[in-house]
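First the structure, in the form of structure tokens, and then the observations on it.
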Amino acid sequence: MASSCRKLTPSTFKSDVWAHFAFLSKSGTQEVDKSKVVCKLCQRELKYCSNTTNLRNHLTRYHADALQKAQPVDSKQTQIDKSFISKLPSSSARAQKITKSVAVFICKDLRPYSVVENKGFKNMLKILEPRYAIPTRKYMTEVAVPSLYTEVKTDVLESLKSAERVALTCDGWTSRATDPYVTITSHFISDEWELVSNVLQTRPLHGSHTGSNIANLLTEAINEWGITGKVPAVVTDNAANMLAAVGLTDLLHVGCFAHVLNLASQAALKTPAVTRLLGRVRRISAFFHRSTLACHALKKNQKLLDLPQHKLLTDVSTRWNSALDMLERFLEQQPAVSAALLAPEVRKQEKDLCSLTEADITAAEDIAQALKSLKKATLVMSQESTPSLSVIAPLKERLLEDMQPSSSINIYITFLYLGLKDELSIAAALDPRFKALLFLSDDDEREEQQSGLMDEDREAIEQQGEPVDDPSGPSPKKARDSCALADLFGSAYTTPVAVSRTTDTKALDEVVRYKEVQPLPLSTNPLNWWREHEGEYPLLSCQAKRYLCIPGSSVPAERIFSTAGDIVTAQRSALKPEHVDQLLFLNKNLHSGPALHTPTACCFQEHLGNQEPKL
């Protein structure tokens, strides 16, 4: 019987079914009978034919539960499979492609170089490609990312080489490690009439932050990126050292309009009347945040008055737009707030707290309206996909119309950009949305600026090297026709010479035809119009590329600050300047997705209204 025989399971058999079967030893001997096996669960004998098929079938039929609970053991086949997995050579195309994708991941997602040492990251790549050997942190720092930087820099240099004009923005910032940096960005219009923006470099500013040192950085950047003679203007904030730096380079300086709006907003919030009103609103908001009874009363009145279930907001001293958010939320909830403050249980907690008077409410509405216009204007000036220099002049006049003449904002904005009036007007005239120059006060000013367009066209012709007609000089065509036949036949057979138009005639013709075109709606992109009509206006289109590439603000450079804050964190404050430069450059110039956030075109419509275009 199987129960009276010795059961043996050879250790060399690794299949999971052998946990339930064994061979029987022959009676009275130590010899194993390998023709039969016995089931340890039911003691039934089965025939063994050098494979486990019938054994597994037996378990499946009679002991299914035991088969499911059996723990699988690595088989010889698994070990053989593992032995055949060879690592990808680091020089192979697939390994290089994966390494490059890891470098892109580090730069675009702002991950630390040490991510290649993280267990989770290693496990993910092991599952995706078991043959890939993950590079070390040192390799990513010294080889992979610098190689990617060189590749992308070559592409940027090539695109700048083909650009006719390249405007720059420049701004300074300080890292967590208190290291000062200067970031420079470039902006140009491509042959396809698309506005192309790139971060060129982020370099440490050693020594004092003087205009001379910043001017040296600007000059070095212009030379390094091969754009000497192509830069029409540099856009910075209105700091004295930035003004001095651009002045030393002999380039046109354009002050950041978004920075101007920020200063105007802060100046308005610091006036005594506004400060007093904001203080009262801030006190009420803080009370509802700390009092549970007041908060409950507010919610109750919101339901009764059918108001949105919103909490009151409190402003932040470093962000002027938070004051607008606080005022707008208070005005939205003002009926519920007043009702809640009149509740007896609320007044017991804070007897001296009163709601705003009708005069205060009116003042709050005026302040909110003014700040709202400035906020929308800031959004318009912060976009990067459409020209913004051409918006400054009409937007400035619109803001002045919306503000009270005696307001601090009106006084602050009125005297700005007086030295750039001609440049801003020409930029607006070259923008098909504002070509009618409605923001100018009279027709004489409009004619003066349109004459300025003709002057710009003359310069364009001279730069192109086209000859200007001289009636007193011999015609080159006639000189070529001087020969024996010409002497015999005389003027009877002289080839007629087409009289070319003078420089003034060409410029005037284009300006006149351009003036007759209906202005575009404010929601359209002017670059699309120029792409379609470049052939009709060759001189004006050249000037459009020169002016419309200039940003109206230094926001593109300032946006680098937030990105740099994500890169130079407290845990990574020891990053070397060259690594900061490479990471910021690649983060902004690796085009793997949509561009940065740009406000919708309706911002123009909200600011400038539905003005009827005039020819």
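The values are calculated or read from the model by the stated rules, or taken from the named source; none is laboratory data. Not measured: the values here are computed from a predicted model. Here the Cβ is made from the backbone with ideal geometry for all residues, glycine too, and neighbour counts use every protein chain on show. Heavy atoms of the whole protein, side chains included, go into the accessibility calculation; ligands, DNA and RNA do not. Shrake-Rupley method; radii C 1.70, N 1.55, O 1.52, S 1.80 Å.
Tabulated values for the structure
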read-out	value
Residue among 238, 262 that is open to solvent by less than 50 Å² (accessible area, probe 1.4 Å), over 24 Å from residue 588 (Cα atoms) and within 29 Å of the chain's Cα centre (by Cα)	262
All positions within segment 173-194 that are open to solvent by less than 30 Å² (accessible area, probe 1.4 Å) and over 19 Å from residue 223 (Cβ atoms)	173, 175, 181, 189, 190, 193
Complete set of residues in segment 265-285 that are of a type in the set (S, T, N, Q) and either closer than 17 Å to residue 331 by Cα or in a helix (DSSP H, G or I) (or both)	265, 266, 275, 285
Any hit, segment 391-398, residues being under 28 Å from residue 169 (Cα atoms) and either outside the structural domain of residue 529 (by the TED database) or small (Gly, Ala, Ser) (or both)	yes
Count of segment 398-407 residues which are surrounded by 14 or more Cβ atoms within 10 Å (Cβ to Cβ) and closer than 17 Å to residue 377 by Cα	5
Qualifying helices (runs of 4 or more DSSP H) (wholly inside segment 492-608; at least 2 residues being loosely packed, with under 12 Cβ neighbours inside 10 Å and modelled with pLDDT under 90)	503-515
Segment 374-393 residues that are closer than 19 Å to residue 414 by Cα, paired with ones that are in a loop (DSSP other than H, G, I, E, B) and acidic (Asp, Glu) (beta carbon under 6 Å, 6 or more apart)	390/431
Of all residues in segment 195-216 being of a type in the set (Val, Ile, Thr) and open to solvent by 30 Å² or more (accessible area, probe 1.4 Å), the one that is nearest to residue 387 (Cα to Cα)	196
Segment 371-394, residues that are open to solvent by 20 Å² or more (accessible area, probe 1.4 Å) and more than 20 Å from residue 427 (Cβ to Cβ)	372, 375, 376
Any hit, segment 399-419, residues being in a helix (DSSP H, G or I), farther than 30 Å from residue 233 by Cβ and acidic (Asp, Glu)	no
Residue ID - modelled with the highest pLDDT, chosen from residues in segment 339-355 that are open to solvent by 20 Å² or more (accessible area, probe 1.4 Å) and outside any helix (DSSP H, G or I)	342
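For (1) open to solvent by 10 Å² or more (accessible area, probe 1.4 Å); (2) in contact (Cβ under 8 Å) with a residue 40 or more places away in the chain; (3) of a type in the set (Gly, Ala, Ser), each residue gets a yes or a no:
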| residue | (1), (2), (3) |
| --- | --- |
| 308 | yes, no, no |
| 315 | yes, no, no |
| 323 | no, yes, yes |
| 337 | no, yes, no |
